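Taking it in order: structure first as structure tokens, then the write-up.
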Amino acid sequence: NIPEDQADKLLLASWGLPKAVLEKYHSLGVVQMFEWQAECLMLGQVLEGKNLVYSAPTSAGKTLVAELLILKRVLETRKKALLILPFVSVAKEKKHYLQ
């Protein structure tokens, strides 16, 4: 569970993402995360590039955690990232979405 003094971590705007990225998420109706998603991002040194393994049911929001980690790292380090997706249709959807 997220401590009360860190409840703002549920809001996407709390993670230092650029305005354009936040606006895109907001246009899709994504303004805040579930507690488990924020907990994943606050674990250990995951934001500094350490590994994270997490599991959740289909459509639970796993992709949002991965996207936020990738976006933050790419923007902060100016390095490239590789996102591996299981199906061509998902890859096409993400390509369009991330552009």
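Laid out as a table, the results:
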| read-out | value |
| --- | --- |
| Sulfur and carbon atoms: percent of accessible area, segment 4-98 [1.4 Å] | 57 percent |
| Probe 1.4 Å, accessible area per residue of segment 4-98, Å² | 71 Å² |
| Distance (nanometres) between label positions extended 7 Å along Cα→Cβ at Thr77 and Lys95 | 2.4 nm |
| Cα principal axis extents for segment 4-98, largest first, Å | 41, 32, 30 |
| Residues whose placed amide H lies under 5 Å from that of Gln32, excluding near-sequence neighbours | Leu12 |
| Assigned charges on the beta-carbon of Lys, Arg, Asp, Glu; the chain dipole about Cα centre (debye) | 680 debye |
| Lys/Arg +1, Asp/Glu -1 at C-beta; segment 51-94 dipole; positive extreme among Leu75, Pro57, Leu85 | Leu75 |
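The values are calculated or read from the model by the stated rules, or taken from the named source; none is laboratory data. Quick caveat, the model's predicted, so the values are computed rather than measured. Neighbour counts run over all protein chains shown; Cβ positions are idealised from the backbone, glycine included. Keep in mind that these areas ignore ligands, DNA and RNA; they rest on the heavy atoms of the full protein, side chains included. Shrake-Rupley method; radii C 1.70, N 1.55, O 1.52, S 1.80 Å.
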